[in-house]
Amino acid sequence: MFRVATPKTEEELEQYFTFRWTYLRKPWNFAPGSERDEYEQVAEHRVIMNGKGEIVAAGRVHLNTAEEAQIRHIAVHGDYLRRGLGQMILGALEGVARELGAIRAVTNSRETSIDFFSSCGFVIEREAPNELGMLKRQQMVKKLTDPGIVMLHPKWCKELQDTWTETIPITEHMGIKLHQYTGRTLETRASLNKNINIHGTMFAGSIFSLATLTGWGMIFLQLKERQLMGEIVLGDGDIHYHKPITMKPRAMCHIESLSGKFAPLEKRKKCRFTLQVDIMDDNNAVAEFRGVFWVLPPKKENDEEE
């Protein structure tokens, strides 16, 4: 399981800067310390931790003006590439930028990173000053006016949200919304106020519903990725609660947790999938859901009973 965290203690910050140097400066033979600049004290820093508490991705954001945020120093551990962690840390930094009041984000991208930022909604605005006097960069910009922006396949995500609203009306009453889809990670959120119990925490049943819909949604989007159709049903679900939710209900499903094969569906046979959904209270892990889902092939017109 991966989680976003903010390095705060001296030790945590030192590990964070060492990580940045290792992946952003050391390959270019720059000395330790070159990873830092004059904005560190006024910037917001974020890392992604794995289940062992190790940093696997990092990044930083600071305000250039009241309306413009600059995102810098995004790095991902070499053993964790192509797992959606780049999009995950970028999404976290964009979220911070919105909370700070920014309506646009800029980043000075090296040529090797342009495709990544382009896939996340950034566009090239102009050439930027070279980094450390030698690394050519382009300034890229993204509007942040839509706080619920989805990074990948927005049409599919809208279809998923509409499907929930039209076929499971309770999702609207619970305030369950798709927050982000990167192709490898699906994040949903719910309104605490609409799901609060007499103890001031989220109903356990609401947490289970949020987790179930998130797992269901991941399979829905994976079917779209493969241009397949089918009816998704929950076969079994098990959830373990560790702490109550008192702030911001979030659910995240990573593609690595999805186990099963889509091939039988192409032969009009049902498919069985298992997956895990991690439940967070803001950035704190509070529960894990493990579910079994079945995907049934769509019926043909002549399959209906006479």
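FYI, it's all coordinate maths here, none of it is from the lab. What you are looking at is a predicted structure, and each value in this text was computed from that prediction instead of being measured. No Cβ is skipped: glycine too gets one built from the backbone with ideal geometry, and neighbour counts run over all protein chains shown.
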| query | Using modelled amide H (1.01 Å from N, peptide plane; none on Pro or chain starts), what sits under 5 Å from the amide H of Leu152, excluding residues fewer than 5 places away? | reply | Tyr181
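Would you calculate, for the chain, the mean residue ellipticity at 222 nm contributed by helices, counting each DSSP H stretch of 4 or more residues as -39,500 (n - 2.57) and dividing by all residues, to the nearest 500?
Taking each H run of at least 4 residues, the total per residue is -7500 deg cm²/dmol.
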| said: For a distance above 20 Å, tell me the whole-number percent of Cα pairs in the stretch 182-306 that qualify. | reply: 46
| said: Cβ neighbours within 10 Å, averaged per peptide: list 167-173, 247-253, 108-114 in order, most packed at the top. | reply: 247-253, 108-114, 167-173
| field | Tensor-based shape of the chain (alpha-carbon gyration tensor, a/c under 1.5 rounded, otherwise prolate or oblate) | value | prolate
| remark: Simple spin-label estimate for Lys26/Ser118, 7 Å along Cα→Cβ, in nm, reads 3.1
| Put +1 on the Cβ of every Lys and Arg and -1 on every Asp and Glu Cβ in the stretch 3-143; which of Ile124, Trp28, Phe17 then has its Cα farthest towards the positive end of the dipole? | Ile124
| note | Given backbone amide H placed at 1.01 Å from N, residues whose amide H is under 5 Å from that of Ile176, ignoring those fewer than 5 places away on the same chain, are Ser191
| task | Name the residues whose placed amide hydrogens come within less than 5 Å of the amide hydrogen of Arg104, ignoring near sequence neighbours (fewer than 5 apart) on the same chain. | result | Ala69, Leu144
| Could you put His254, His153 in order, starting from the residue whose Cβ has the fewest other Cβ atoms within 10 Å? | His153, His254
| Cα gyration tensor shape of the stretch 21-148, rounded if a/c is under 1.5, else prolate or oblate by comparing a/b with b/c | rounded
| said: Give me Leu93, Leu81, Leu24 sorted ascending by neighbouring Cβ count inside 10 Å, so fewest comes first. | reply: Leu81, Leu24, Leu93
| query | Which trypsin sites (Lys or Arg not before Pro) in the stretch 17-59 pass both tests, a DSSP loop state and at most 10 other beta-carbon atoms within 10 Å? | reply | Lys52
| note | Of the listed pairs Lys155/Lys299; Lys194/Lys243; Lys52/Lys142; Lys155/Lys261, those with alpha carbons more than 30 Å apart are Lys52/Lys142
